[in-house]
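What follows is a single structure, written as C-alpha coordinates, with notes after it.
The values are calculated or read from the model by the stated rules, or taken from the named source; none is laboratory data. No experiment lies behind these values; they were computed from the predicted model shown. Reconstructed Cβ throughout: ideal geometry from the backbone, glycine too, with neighbour counts over all protein chains shown. Each accessible area value is taken on the protein alone, full model and side chains, heavy atoms only, with ligands, DNA and RNA left out. Shrake-Rupley method; radii C 1.70, N 1.55, O 1.52, S 1.80 Å.
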Amino acid sequence: MKRFTWFNATSLTLGFAFLYLPMVILVIYSFNASKLVTVWAGFSTRWYGELMQNEAFLDAAWVTIKVAVMSSTIATVLGTMAAYLLVRAGRFTGRTLFTGMIYAPLVMPEVITGLSLLLLFIGIGLDRGVLTIVLAHTTFSMCYVSVVVSSRLTSFDRSLEEAALDLGCTPFQAFRLVTLPIIAPAVISGWLLAFTLSLDDLVIASFTSGPAATTLPIKIFSAVRLGVSPEINALSTLMIAVVTVGVIIASLVSKRAAVARARDDAAAARA
Amino acid sequence: MRRLLIAIPYLWLLALFLVPFLIVLKISLSDTALAIPPYTPTIDLSEGWASFRAFLTGLDFENFVWLTEDDLYWKAYLSSLWIAASSTAITLVVGYPIAYAMARSPDEWRATLLMLVILPFWTSFLIRVYAWMGILAQEGLLNQLLLWTGIISEPLTILNTNTAVYIGIVYTYLPFMILPIYAALERMDDSLIEAATDLGCSRMSAFWLVTIPLSKNGIIAGCFLVFIPVIGEFVIPSLLGGSGTLMIGKVLWEEFFNNRDWPVASAVAVILLLILIVPIILFQRNEQRAREMDE
(Lines give C-alpha, C1' and ligand atoms only; values in the text may rest on other atoms or scores of the structure.)
Protein backbone atom coordinates (compact mmCIF):
# COMPACT_ATOMS: atom_id res chain seq x y z
CA MET A 1 0.00 0.00 0.00
CA LYS A 2 1.45 3.31 -1.09
CA ARG A 3 1.18 6.37 1.10
CA PHE A 4 2.17 9.98 0.62
CA THR A 5 5.64 10.75 1.90
CA TRP A 6 6.25 14.34 2.98
CA PHE A 7 8.42 14.91 -0.08
CA ASN A 8 5.76 13.68 -2.50
CA ALA A 9 2.99 15.55 -0.74
CA THR A 10 5.01 18.76 -0.92
CA SER A 11 5.84 18.44 -4.58
CA LEU A 12 2.22 17.65 -5.45
CA THR A 13 0.94 20.59 -3.43
CA LEU A 14 3.44 23.03 -4.92
CA GLY A 15 2.98 21.60 -8.42
CA PHE A 16 -0.78 21.84 -8.44
CA ALA A 17 -0.71 25.23 -6.77
CA PHE A 18 1.50 26.42 -9.63
CA LEU A 19 -0.86 24.90 -12.22
CA TYR A 20 -4.08 26.19 -10.71
CA LEU A 21 -3.36 29.39 -8.74
CA PRO A 22 -3.09 31.66 -11.80
CA MET A 23 -6.52 30.46 -12.96
CA VAL A 24 -8.03 30.87 -9.50
CA ILE A 25 -6.67 34.40 -9.27
CA LEU A 26 -8.07 35.20 -12.71
CA VAL A 27 -11.50 33.92 -11.68
CA ILE A 28 -11.46 35.88 -8.40
CA TYR A 29 -10.44 39.11 -10.09
CA SER A 30 -13.19 38.78 -12.66
CA PHE A 31 -15.56 39.64 -9.78
CA ASN A 32 -13.58 42.73 -8.87
CA ALA A 33 -15.59 45.97 -8.84
CA SER A 34 -12.60 48.12 -9.74
CA LYS A 35 -11.51 48.82 -13.27
CA LEU A 36 -7.94 48.72 -12.01
CA VAL A 37 -7.44 45.02 -12.28
CA THR A 38 -4.84 44.75 -9.56
CA VAL A 39 -6.69 46.57 -6.81
CA TRP A 40 -9.48 44.73 -5.03
CA ALA A 41 -12.51 47.00 -4.61
CA GLY A 42 -15.22 44.61 -3.55
CA PHE A 43 -17.37 41.96 -5.18
CA SER A 44 -19.28 42.81 -8.33
CA THR A 45 -20.65 41.11 -11.42
CA ARG A 46 -20.41 44.36 -13.34
CA TRP A 47 -17.92 43.04 -15.94
CA TYR A 48 -20.16 40.12 -16.80
CA GLY A 49 -22.94 42.60 -17.51
CA GLU A 50 -20.69 44.70 -19.72
CA LEU A 51 -19.50 41.59 -21.49
CA MET A 52 -23.06 40.63 -22.36
CA GLN A 53 -23.58 44.11 -23.82
CA ASN A 54 -20.49 43.87 -25.97
CA GLU A 55 -21.75 43.01 -29.45
CA ALA A 56 -18.26 42.50 -30.87
CA PHE A 57 -17.46 39.76 -28.37
CA LEU A 58 -20.82 38.05 -28.82
CA ASP A 59 -20.41 38.07 -32.61
CA ALA A 60 -16.90 36.67 -32.31
CA ALA A 61 -18.11 33.98 -29.91
CA TRP A 62 -20.80 32.95 -32.36
CA VAL A 63 -18.30 32.77 -35.26
CA THR A 64 -15.94 30.72 -33.10
CA ILE A 65 -18.61 28.20 -32.16
CA LYS A 66 -19.80 27.87 -35.76
CA VAL A 67 -16.25 27.31 -36.97
CA ALA A 68 -15.52 24.82 -34.19
CA VAL A 69 -18.67 22.75 -34.80
CA MET A 70 -18.16 22.61 -38.57
CA SER A 71 -14.43 21.99 -38.57
CA SER A 72 -14.49 19.37 -35.82
CA THR A 73 -17.32 17.46 -37.50
CA ILE A 74 -15.62 17.37 -40.90
CA ALA A 75 -12.29 16.62 -39.22
CA THR A 76 -13.83 13.68 -37.36
CA VAL A 77 -15.14 12.14 -40.57
CA LEU A 78 -11.91 12.69 -42.47
CA GLY A 79 -9.73 11.74 -39.51
CA THR A 80 -11.62 8.49 -38.95
CA MET A 81 -11.27 7.63 -42.64
CA ALA A 82 -7.56 8.43 -42.47
CA ALA A 83 -7.14 6.30 -39.34
CA TYR A 84 -8.94 3.41 -41.03
CA LEU A 85 -6.58 3.73 -43.98
CA LEU A 86 -3.49 3.83 -41.79
CA VAL A 87 -4.49 0.75 -39.81
CA ARG A 88 -6.50 -1.36 -42.27
CA ALA A 89 -5.84 -0.45 -45.87
CA GLY A 90 -2.52 -2.28 -46.14
CA ARG A 91 -0.37 -1.03 -48.97
CA PHE A 92 -1.48 1.62 -51.38
CA THR A 93 0.38 4.00 -53.64
CA GLY A 94 1.86 6.87 -51.72
CA ARG A 95 1.24 5.39 -48.30
CA THR A 96 4.47 6.79 -46.88
CA LEU A 97 3.57 10.27 -48.07
CA PHE A 98 0.11 9.88 -46.55
CA THR A 99 1.51 8.81 -43.17
CA GLY A 100 3.88 11.74 -43.29
CA MET A 101 1.08 14.17 -44.04
CA ILE A 102 -0.92 12.83 -41.09
CA TYR A 103 1.91 13.22 -38.59
CA ALA A 104 3.60 16.36 -39.90
CA PRO A 105 0.84 18.86 -38.96
CA LEU A 106 1.08 17.64 -35.34
CA VAL A 107 4.59 19.04 -35.01
CA MET A 108 4.35 21.87 -37.53
CA PRO A 109 4.66 25.31 -35.86
CA GLU A 110 1.33 27.10 -36.09
CA VAL A 111 2.89 30.16 -37.69
CA ILE A 112 4.02 28.03 -40.64
CA THR A 113 0.68 26.24 -41.05
CA GLY A 114 -1.12 29.56 -40.94
CA LEU A 115 1.21 31.29 -43.36
CA SER A 116 1.12 28.45 -45.89
CA LEU A 117 -2.67 28.16 -45.86
CA LEU A 118 -3.08 31.90 -46.25
CA LEU A 119 -0.79 31.91 -49.27
CA LEU A 120 -2.83 29.06 -50.77
CA PHE A 121 -6.13 30.86 -50.23
CA ILE A 122 -4.76 34.02 -51.80
CA GLY A 123 -3.25 32.02 -54.66
CA ILE A 124 -6.58 30.44 -55.59
CA GLY A 125 -8.48 33.65 -54.96
CA LEU A 126 -10.63 32.41 -52.08
CA ASP A 127 -11.98 35.25 -49.93
CA ARG A 128 -10.98 34.92 -46.32
CA GLY A 129 -13.82 34.33 -43.89
CA VAL A 130 -15.57 31.55 -42.02
CA LEU A 131 -14.98 29.06 -44.85
CA THR A 132 -11.21 29.51 -44.90
CA ILE A 133 -10.93 29.17 -41.11
CA VAL A 134 -13.02 25.99 -41.27
CA LEU A 135 -10.78 24.56 -44.00
CA ALA A 136 -7.65 25.43 -42.01
CA HIS A 137 -8.94 24.03 -38.72
CA THR A 138 -10.24 20.86 -40.34
CA THR A 139 -6.83 20.19 -41.88
CA PHE A 140 -4.81 20.23 -38.69
CA SER A 141 -7.44 18.75 -36.38
CA MET A 142 -8.19 15.77 -38.67
CA CYS A 143 -4.62 14.67 -37.99
CA TYR A 144 -5.23 14.70 -34.23
CA VAL A 145 -8.48 12.78 -34.72
CA SER A 146 -6.77 10.16 -36.84
CA VAL A 147 -4.05 9.63 -34.23
CA VAL A 148 -6.66 9.15 -31.48
CA VAL A 149 -8.85 6.84 -33.59
CA SER A 150 -6.01 4.79 -35.05
CA SER A 151 -4.70 3.92 -31.60
CA ARG A 152 -8.15 2.46 -30.80
CA LEU A 153 -8.35 0.66 -34.16
CA THR A 154 -4.96 -1.00 -33.64
CA SER A 155 -6.01 -2.43 -30.29
CA PHE A 156 -9.28 -4.04 -31.31
CA ASP A 157 -9.91 -7.61 -32.38
CA ARG A 158 -10.05 -7.75 -36.14
CA SER A 159 -11.78 -11.12 -36.23
CA LEU A 160 -15.03 -9.37 -35.21
CA GLU A 161 -15.02 -7.54 -38.53
CA GLU A 162 -14.12 -10.71 -40.40
CA ALA A 163 -16.99 -12.55 -38.72
CA ALA A 164 -19.42 -9.85 -39.86
CA LEU A 165 -18.11 -10.13 -43.41
CA ASP A 166 -18.38 -13.95 -43.31
CA LEU A 167 -21.96 -13.63 -42.13
CA GLY A 168 -22.83 -11.62 -45.23
CA CYS A 169 -22.27 -8.00 -44.32
CA THR A 170 -20.96 -5.70 -46.99
CA PRO A 171 -17.72 -3.96 -45.93
CA PHE A 172 -19.68 -0.77 -45.31
CA GLN A 173 -22.26 -2.58 -43.15
CA ALA A 174 -19.47 -4.28 -41.22
CA PHE A 175 -17.95 -0.88 -40.55
CA ARG A 176 -21.24 0.69 -39.50
CA LEU A 177 -22.54 -2.19 -37.38
CA VAL A 178 -19.35 -3.60 -35.88
CA THR A 179 -16.35 -1.32 -36.16
CA LEU A 180 -17.99 2.04 -35.55
CA PRO A 181 -19.74 1.10 -32.29
CA ILE A 182 -16.48 -0.28 -30.94
CA ILE A 183 -14.35 2.73 -31.86
CA ALA A 184 -17.12 5.21 -30.96
CA PRO A 185 -15.50 6.41 -27.70
CA ALA A 186 -12.29 7.23 -29.59
CA VAL A 187 -14.27 8.97 -32.33
CA ILE A 188 -16.09 11.06 -29.73
CA SER A 189 -12.89 12.02 -27.94
CA GLY A 190 -11.41 12.85 -31.33
CA TRP A 191 -14.34 15.17 -32.00
CA LEU A 192 -13.97 16.83 -28.60
CA LEU A 193 -10.27 17.29 -29.14
CA ALA A 194 -10.85 18.81 -32.59
CA PHE A 195 -13.55 21.06 -31.14
CA THR A 196 -11.30 22.37 -28.36
CA LEU A 197 -8.35 22.84 -30.71
CA SER A 198 -10.54 24.94 -32.95
CA LEU A 199 -11.99 27.00 -30.07
CA ASP A 200 -8.51 27.60 -28.79
CA ASP A 201 -6.64 28.47 -31.93
CA LEU A 202 -5.31 31.99 -32.29
CA VAL A 203 -2.40 31.81 -34.70
CA ILE A 204 -3.87 29.83 -37.60
CA ALA A 205 -7.17 31.71 -37.35
CA SER A 206 -5.34 35.05 -37.45
CA PHE A 207 -3.69 34.11 -40.72
CA THR A 208 -6.74 32.59 -42.37
CA SER A 209 -9.54 34.90 -41.22
CA GLY A 210 -10.60 38.03 -42.97
CA PRO A 211 -12.18 41.21 -41.69
CA ALA A 212 -15.60 39.59 -42.12
CA ALA A 213 -14.95 36.84 -39.59
CA THR A 214 -13.15 37.41 -36.30
CA THR A 215 -12.93 34.57 -33.81
CA LEU A 216 -12.96 34.95 -30.05
CA PRO A 217 -9.23 34.19 -29.54
CA ILE A 218 -8.34 36.89 -32.11
CA LYS A 219 -10.57 39.33 -30.27
CA ILE A 220 -9.13 38.39 -26.88
CA PHE A 221 -5.59 38.62 -28.17
CA SER A 222 -6.01 42.10 -29.58
CA ALA A 223 -7.70 43.22 -26.34
CA VAL A 224 -5.04 41.84 -23.96
CA ARG A 225 -2.06 42.94 -26.03
CA LEU A 226 -2.39 46.32 -24.37
CA GLY A 227 -2.73 44.91 -20.89
CA VAL A 228 -5.10 43.20 -18.47
CA SER A 229 -8.78 44.04 -18.83
CA PRO A 230 -11.61 43.16 -16.43
CA GLU A 231 -13.96 42.20 -19.26
CA ILE A 232 -11.47 39.63 -20.54
CA ASN A 233 -11.19 38.28 -16.99
CA ALA A 234 -14.95 37.74 -16.97
CA LEU A 235 -14.87 36.13 -20.40
CA SER A 236 -11.99 33.85 -19.36
CA THR A 237 -13.89 32.80 -16.26
CA LEU A 238 -16.91 31.82 -18.35
CA MET A 239 -14.68 29.80 -20.67
CA ILE A 240 -12.93 28.07 -17.76
CA ALA A 241 -16.32 27.26 -16.23
CA VAL A 242 -17.60 25.70 -19.46
CA VAL A 243 -14.48 23.56 -19.83
CA THR A 244 -14.53 22.42 -16.20
CA VAL A 245 -18.18 21.43 -16.31
CA GLY A 246 -17.61 19.68 -19.65
CA VAL A 247 -14.66 17.67 -18.40
CA ILE A 248 -16.47 16.67 -15.21
CA ILE A 249 -19.53 15.51 -17.17
CA ALA A 250 -17.34 13.63 -19.65
CA SER A 251 -15.48 11.83 -16.89
CA LEU A 252 -18.73 10.90 -15.11
CA VAL A 253 -20.21 9.57 -18.35
CA SER A 254 -17.13 7.51 -19.15
CA LYS A 255 -17.04 6.18 -15.60
CA ARG A 256 -20.68 5.09 -15.91
CA ALA A 257 -19.96 3.49 -19.29
CA ALA A 258 -17.05 1.59 -17.75
CA VAL A 259 -19.24 0.34 -14.88
CA ALA A 260 -21.96 -0.73 -17.35
CA ARG A 261 -19.40 -2.52 -19.49
CA ALA A 262 -17.99 -4.33 -16.48
CA ARG A 263 -21.54 -5.42 -15.54
CA ASP A 264 -22.21 -6.65 -19.09
CA ASP A 265 -18.96 -8.58 -19.10
CA ALA A 266 -19.83 -10.18 -15.77
CA ALA A 267 -23.31 -11.12 -17.05
CA ALA A 268 -21.81 -12.57 -20.23
CA ALA A 269 -19.35 -14.60 -18.20
CA ARG A 270 -22.17 -16.08 -16.09
CA ALA A 271 -24.31 -16.98 -19.09
CA MET B 1 -15.34 2.24 -52.80
CA ARG B 2 -11.87 1.59 -51.46
CA ARG B 3 -10.40 4.04 -53.95
CA LEU B 4 -12.85 6.71 -52.84
CA LEU B 5 -12.05 6.05 -49.19
CA ILE B 6 -8.37 6.55 -49.91
CA ALA B 7 -8.87 9.49 -52.23
CA ILE B 8 -10.86 11.82 -49.99
CA PRO B 9 -8.52 12.30 -47.02
CA TYR B 10 -5.51 11.95 -49.31
CA LEU B 11 -6.57 14.72 -51.66
CA TRP B 12 -7.62 16.91 -48.73
CA LEU B 13 -4.16 16.71 -47.18
CA LEU B 14 -2.43 17.14 -50.53
CA ALA B 15 -4.45 20.25 -51.31
CA LEU B 16 -4.41 21.82 -47.85
CA PHE B 17 -1.13 20.68 -46.40
CA LEU B 18 1.41 19.79 -49.05
CA VAL B 19 0.49 22.28 -51.78
CA PRO B 20 0.42 25.27 -49.37
CA PHE B 21 3.83 24.30 -48.16
CA LEU B 22 5.17 24.14 -51.71
CA ILE B 23 3.75 27.62 -52.26
CA VAL B 24 5.70 28.86 -49.22
CA LEU B 25 8.83 27.29 -50.64
CA LYS B 26 8.19 28.91 -54.00
CA ILE B 27 7.53 32.36 -52.59
CA SER B 28 10.61 32.15 -50.40
CA LEU B 29 12.56 31.74 -53.63
CA SER B 30 10.91 34.51 -55.58
CA ASP B 31 11.85 38.08 -56.08
CA THR B 32 10.82 40.43 -53.31
CA ALA B 33 9.59 43.09 -55.68
CA LEU B 34 7.41 40.66 -57.63
CA ALA B 35 6.01 38.83 -54.66
CA ILE B 36 4.84 41.71 -52.52
CA PRO B 37 1.09 41.13 -52.13
CA PRO B 38 -0.76 40.31 -54.19
CA TYR B 39 1.89 38.05 -55.60
CA THR B 40 1.21 36.31 -58.89
CA PRO B 41 1.75 32.61 -59.27
CA THR B 42 4.31 32.25 -62.01
CA ILE B 43 3.80 28.71 -63.25
CA ASP B 44 1.37 28.72 -66.13
CA LEU B 45 0.63 25.10 -66.95
CA SER B 46 -0.89 25.85 -70.32
CA GLU B 47 2.47 26.90 -71.69
CA GLY B 48 4.10 23.68 -70.58
CA TRP B 49 7.85 23.39 -70.43
CA ALA B 50 8.68 26.89 -71.57
CA SER B 51 6.96 28.43 -68.57
CA PHE B 52 8.50 25.88 -66.24
CA ARG B 53 11.95 26.85 -67.49
CA ALA B 54 11.11 30.51 -67.09
CA PHE B 55 9.95 29.74 -63.58
CA LEU B 56 13.19 27.97 -62.72
CA THR B 57 15.37 30.79 -64.01
CA GLY B 58 13.22 33.25 -62.07
CA LEU B 59 14.09 31.60 -58.76
CA ASP B 60 16.71 33.18 -56.61
CA PHE B 61 18.07 32.83 -53.14
CA GLU B 62 17.99 36.55 -52.50
CA ASN B 63 15.69 36.18 -49.49
CA PHE B 64 17.89 33.57 -47.89
CA VAL B 65 20.97 35.69 -48.49
CA TRP B 66 19.07 38.55 -46.87
CA LEU B 67 18.39 36.37 -43.82
CA THR B 68 22.10 35.78 -43.34
CA GLU B 69 23.00 39.41 -43.84
CA ASP B 70 20.61 40.94 -41.35
CA ASP B 71 21.68 39.70 -37.95
CA LEU B 72 18.12 40.04 -36.56
CA TYR B 73 17.21 36.70 -38.12
CA TRP B 74 20.05 34.46 -37.05
CA LYS B 75 19.96 36.05 -33.61
CA ALA B 76 16.25 35.23 -33.44
CA TYR B 77 16.88 31.60 -34.45
CA LEU B 78 19.67 31.22 -31.91
CA SER B 79 17.68 32.91 -29.19
CA SER B 80 14.62 30.70 -29.91
CA LEU B 81 16.79 27.61 -29.65
CA TRP B 82 18.36 28.86 -26.44
CA ILE B 83 15.01 29.81 -24.86
CA ALA B 84 13.52 26.47 -25.93
CA ALA B 85 16.47 24.47 -24.57
CA SER B 86 16.69 26.23 -21.24
CA SER B 87 12.96 26.33 -20.63
CA THR B 88 12.84 22.59 -21.44
CA ALA B 89 15.48 22.01 -18.76
CA ILE B 90 13.54 24.10 -16.22
CA THR B 91 10.29 22.30 -17.09
CA LEU B 92 12.03 18.96 -16.54
CA VAL B 93 13.30 20.03 -13.11
CA VAL B 94 9.83 21.29 -12.14
CA GLY B 95 7.89 18.44 -13.74
CA TYR B 96 9.90 15.41 -12.65
CA PRO B 97 9.12 15.63 -8.91
CA ILE B 98 5.42 16.07 -9.72
CA ALA B 99 5.36 13.06 -12.05
CA TYR B 100 7.34 11.06 -9.49
CA ALA B 101 4.99 11.97 -6.65
CA MET B 102 1.96 11.11 -8.82
CA ALA B 103 3.35 7.68 -9.66
CA ARG B 104 4.13 7.06 -5.97
CA SER B 105 0.76 8.23 -4.65
CA PRO B 106 -1.97 5.91 -3.31
CA ASP B 107 -3.88 4.07 -6.05
CA GLU B 108 -7.21 5.70 -5.32
CA TRP B 109 -5.65 9.14 -5.80
CA ARG B 110 -3.98 8.57 -9.12
CA ALA B 111 -6.94 8.94 -11.47
CA THR B 112 -7.84 12.27 -9.86
CA LEU B 113 -4.28 13.57 -10.01
CA LEU B 114 -4.03 12.52 -13.64
CA MET B 115 -7.24 14.36 -14.46
CA LEU B 116 -5.92 17.46 -12.68
CA VAL B 117 -2.83 17.43 -14.90
CA ILE B 118 -4.86 16.94 -18.07
CA LEU B 119 -7.55 19.51 -17.26
CA PRO B 120 -5.41 22.55 -18.20
CA PHE B 121 -5.02 21.04 -21.71
CA TRP B 122 -8.69 21.65 -22.29
CA THR B 123 -8.52 25.23 -21.11
CA SER B 124 -7.61 27.90 -23.61
CA PHE B 125 -3.86 28.30 -24.07
CA LEU B 126 -4.34 32.02 -24.62
CA ILE B 127 -6.18 32.41 -21.31
CA ARG B 128 -3.52 30.47 -19.43
CA VAL B 129 -0.85 32.80 -20.78
CA TYR B 130 -3.02 35.84 -20.14
CA ALA B 131 -3.55 34.82 -16.51
CA TRP B 132 0.12 35.56 -15.86
CA MET B 133 -0.08 39.12 -17.17
CA GLY B 134 -2.01 40.28 -14.11
CA ILE B 135 0.31 38.41 -11.77
CA LEU B 136 3.64 39.53 -13.19
CA ALA B 137 2.83 43.17 -13.96
CA GLN B 138 4.68 46.01 -12.22
CA GLU B 139 1.72 46.64 -9.91
CA GLY B 140 0.69 42.97 -10.15
CA LEU B 141 -0.04 40.44 -7.45
CA LEU B 142 3.44 38.95 -7.25
CA ASN B 143 5.02 42.37 -6.68
CA GLN B 144 2.32 43.29 -4.16
CA LEU B 145 3.00 40.08 -2.27
CA LEU B 146 6.76 40.52 -2.30
CA LEU B 147 6.51 44.16 -1.23
CA TRP B 148 4.08 43.28 1.54
CA THR B 149 6.33 40.57 2.94
CA GLY B 150 9.23 42.97 2.74
CA ILE B 151 11.40 40.75 0.53
CA ILE B 152 11.82 43.59 -1.91
CA SER B 153 11.46 47.34 -1.47
CA GLU B 154 11.03 48.28 -5.15
CA PRO B 155 8.65 46.47 -7.50
CA LEU B 156 10.45 44.12 -9.88
CA THR B 157 10.06 44.39 -13.63
CA ILE B 158 9.08 40.88 -14.68
CA LEU B 159 6.38 41.29 -17.30
CA ASN B 160 7.80 42.01 -20.76
CA THR B 161 11.14 40.40 -19.98
CA ASN B 162 12.56 36.98 -20.83
CA THR B 163 11.91 35.85 -17.26
CA ALA B 164 8.17 36.20 -17.88
CA VAL B 165 8.58 34.21 -21.11
CA TYR B 166 10.28 31.39 -19.18
CA ILE B 167 7.54 31.38 -16.55
CA GLY B 168 4.87 31.29 -19.26
CA ILE B 169 6.54 28.42 -21.11
CA VAL B 170 7.09 26.31 -17.99
CA TYR B 171 3.51 26.93 -16.93
CA THR B 172 1.81 26.07 -20.23
CA TYR B 173 4.03 23.16 -21.23
CA LEU B 174 4.34 21.50 -17.81
CA PRO B 175 1.64 18.85 -18.50
CA PHE B 176 3.52 17.78 -21.66
CA MET B 177 6.53 17.02 -19.47
CA ILE B 178 4.64 15.40 -16.59
CA LEU B 179 2.51 12.95 -18.60
CA PRO B 180 5.22 10.91 -20.42
CA ILE B 181 7.42 10.79 -17.30
CA TYR B 182 4.45 9.69 -15.20
CA ALA B 183 3.64 6.99 -17.77
CA ALA B 184 7.19 5.66 -17.57
CA LEU B 185 7.37 5.78 -13.76
CA GLU B 186 3.97 4.24 -13.23
CA ARG B 187 5.01 1.05 -15.03
CA MET B 188 8.14 0.74 -12.95
CA ASP B 189 8.30 -2.21 -10.59
CA ASP B 190 8.79 -0.91 -7.03
CA SER B 191 10.57 -4.07 -5.96
CA LEU B 192 13.53 -2.89 -8.04
CA ILE B 193 14.07 -0.03 -5.59
CA GLU B 194 13.77 -2.42 -2.66
CA ALA B 195 16.30 -4.71 -4.32
CA ALA B 196 18.69 -1.80 -4.81
CA THR B 197 18.41 -0.67 -1.19
CA ASP B 198 18.75 -4.27 0.03
CA LEU B 199 21.95 -4.51 -1.98
CA GLY B 200 23.33 -1.51 -0.13
CA CYS B 201 22.28 1.47 -2.21
CA SER B 202 21.28 4.58 -0.33
CA ARG B 203 17.83 5.83 -1.31
CA MET B 204 19.43 8.68 -3.18
CA SER B 205 21.74 6.47 -5.21
CA ALA B 206 18.89 4.00 -5.86
CA PHE B 207 17.02 6.96 -7.36
CA TRP B 208 19.93 7.94 -9.61
CA LEU B 209 20.90 4.39 -10.56
CA VAL B 210 17.47 2.76 -10.93
CA THR B 211 14.58 5.23 -11.16
CA ILE B 212 16.16 7.78 -13.49
CA PRO B 213 17.45 5.24 -16.06
CA LEU B 214 14.07 3.46 -16.07
CA SER B 215 12.23 6.71 -16.75
CA LYS B 216 14.71 7.74 -19.45
CA ASN B 217 12.29 7.27 -22.34
CA GLY B 218 9.65 9.35 -20.58
CA ILE B 219 12.18 12.11 -19.89
CA ILE B 220 13.33 12.18 -23.51
CA ALA B 221 9.76 12.19 -24.84
CA GLY B 222 8.74 14.96 -22.43
CA CYS B 223 11.74 17.10 -23.38
CA PHE B 224 10.98 16.85 -27.09
CA LEU B 225 7.28 17.54 -26.52
CA VAL B 226 8.28 20.81 -24.87
CA PHE B 227 11.32 21.73 -26.97
CA ILE B 228 9.80 21.28 -30.46
CA PRO B 229 6.69 23.47 -30.11
CA VAL B 230 8.44 26.13 -28.02
CA ILE B 231 10.88 26.95 -30.85
CA GLY B 232 8.04 28.26 -33.03
CA GLU B 233 6.05 29.74 -30.12
CA PHE B 234 4.26 33.02 -30.81
CA VAL B 235 1.64 33.73 -28.12
CA ILE B 236 3.95 33.57 -25.10
CA PRO B 237 6.72 35.89 -26.37
CA SER B 238 4.22 38.38 -27.73
CA LEU B 239 2.12 38.63 -24.55
CA LEU B 240 4.71 38.09 -21.82
CA GLY B 241 7.93 39.01 -23.59
CA GLY B 242 9.26 42.47 -24.24
CA SER B 243 10.93 44.25 -27.13
CA GLY B 244 14.14 42.46 -26.16
CA THR B 245 12.58 39.00 -26.50
CA LEU B 246 13.67 37.57 -29.83
CA MET B 247 11.80 34.47 -30.92
CA ILE B 248 11.48 33.34 -34.48
CA GLY B 249 7.72 32.74 -34.39
CA LYS B 250 7.21 36.35 -33.40
CA VAL B 251 9.67 37.57 -36.05
CA LEU B 252 7.79 35.62 -38.73
CA TRP B 253 4.48 37.06 -37.57
CA GLU B 254 5.79 40.63 -37.60
CA GLU B 255 7.50 40.18 -40.94
CA PHE B 256 4.20 39.05 -42.36
CA PHE B 257 1.62 41.26 -40.68
CA ASN B 258 3.59 44.42 -39.92
CA ASN B 259 6.21 44.60 -42.68
CA ARG B 260 4.08 42.71 -45.18
CA ASP B 261 7.21 41.14 -46.58
CA TRP B 262 5.87 37.78 -47.70
CA PRO B 263 8.99 36.39 -49.38
CA VAL B 264 11.11 37.02 -46.28
CA ALA B 265 8.39 35.58 -44.02
CA SER B 266 8.32 32.48 -46.24
CA ALA B 267 12.09 32.14 -46.15
CA VAL B 268 12.00 32.44 -42.34
CA ALA B 269 9.40 29.64 -42.29
CA VAL B 270 11.47 27.36 -44.53
CA ILE B 271 14.58 27.74 -42.34
CA LEU B 272 12.53 27.23 -39.17
CA LEU B 273 11.24 23.96 -40.60
CA LEU B 274 14.75 22.83 -41.54
CA ILE B 275 15.85 23.52 -37.95
CA LEU B 276 12.91 21.53 -36.57
CA ILE B 277 13.55 18.47 -38.73
CA VAL B 278 16.49 17.29 -36.60
CA PRO B 279 14.68 17.21 -33.22
CA ILE B 280 11.57 15.75 -34.86
CA ILE B 281 13.53 12.84 -36.35
CA LEU B 282 15.30 12.24 -33.02
CA PHE B 283 11.93 12.27 -31.26
CA GLN B 284 10.47 9.73 -33.72
CA ARG B 285 13.50 7.45 -33.18
CA ASN B 286 13.04 7.63 -29.41
CA GLU B 287 9.34 6.79 -29.70
CA GLN B 288 10.11 3.85 -31.99
CA ARG B 289 12.77 2.54 -29.62
CA ALA B 290 10.37 2.83 -26.69
CA ARG B 291 7.73 0.87 -28.63
CA GLU B 292 10.21 -1.85 -29.54
CA MET B 293 11.26 -2.16 -25.92
CA ASP B 294 7.63 -2.68 -24.95
CA GLU B 295 7.15 -5.53 -27.35
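Taking Cα atoms, how many degrees apart are the long axis of helix B:107-122 and the longest axis of chain B, rounded to 10 and kept between 0 and 90?
30
At 1.4 Å probe radius, can you tell me the per residue accessible area of the protein assembly as shown in Å²?
Numbers: 27870 Å² over 566 residues.
Averaged over the residues of the protein assembly as shown, the accessible area is 49 Å².
How about region A:1-63: which trypsin sites (Lys or Arg not before Pro) there are in a DSSP loop, with at most 15 other Cβ atoms within 10 Å of their Cβ?
Answer by residue number: A:LYS2, A:ARG3, A:LYS35.
B:ILE118 label point, 7 Å along Cα→Cβ, cut-off 18 Å on backbone N: hits in region B:175-197?
Zone members listed by number: B:175-187.
Where the only charges are on Cβ atoms (+1 Lys, Arg; -1 Asp, Glu), what is the dipole of the protein assembly as shown about its Cα centre, to the nearest 20 debye?
Using Cβ point charges on Lys, Arg, Asp and Glu, the protein assembly as shown gives about 1260 debye.
On a 0 to 90° scale, report how tilted helix A:130-155 is relative to the longest principal axis of chain A, with both axes built from alpha carbons and the result rounded to the nearest 10.
50
Scan region A:133-232 for trypsin sites (Lys or Arg not before Pro) in coil per DSSP, keeping those whose Cβ has at most 14 other Cβ atoms within 10 Å, and list them by number.
The qualifying sites are A:ARG158, A:ARG225.
In region A:119-227, which chymotrypsin sites (Phe, Trp or Tyr not before Pro) are in a loop and have at most 16 other Cβ atoms within 10 Å, using DSSP for the loop call?
A:PHE156
Rank A:CYS169, A:CYS143 by accessible area, highest first, at a 1.4 Å probe radius?
Result of the area sort, largest leading: A:CYS169, A:CYS143.
Remind me, relative contact order of region A:62-229 in percent, using alpha carbon pairs under 8 angstrom and six or more residues apart? Intermediate values should be presented prior to the final figure.
On the way: 184 pairs, mean separation 69.2, N = 168.
Across region A:62-229, relative contact order equals 41 percent.
Rounded to the nearest 0.05, what FRET efficiency is calculated for B:GLU254 and A:LEU238 with R0 set to 45 Å and r the Cβ-Cβ distance?
FRET efficiency, B:GLU254 to A:LEU238: 0.90.
What is the distance in Å between the Cα centroid of region B:57-133 and that of region A:106-183?
About 26 Å separates the Cα centre of region B:57-133 from the one of region A:106-183.
Which of A:LYS66/A:LYS255; B:LYS75/B:LYS250; A:LYS219/B:LYS250; A:LYS35/A:LYS219 have a Cα-Cα distance over 24 Å?
Pairs exceeding 24 Å: A:LYS66/A:LYS255.
Would you calculate a helix-derived [θ] at 222 nm for chain A, using -39,500 (n - 2.57) for each DSSP H run of n ≥ 4 and dividing by the full residue count, to the nearest 500?
For chain A, the value works out to -26000 deg cm²/dmol.
Normalised by the number of residues in region B:64-294, what is the relative contact order in percent for Cα pairs under 8 Å and 6+ residues apart?
Values: 242 pairs, mean separation 65.5, N = 231.
That works out to 28 percent.
Just to be sure I understand the model, the point goes 7 Å from the Cα along the line to the Cβ. What's the resulting A:ASP264 to A:ALA89 distance in nm?
Here the modelled spin labels are 3.0 nm apart.
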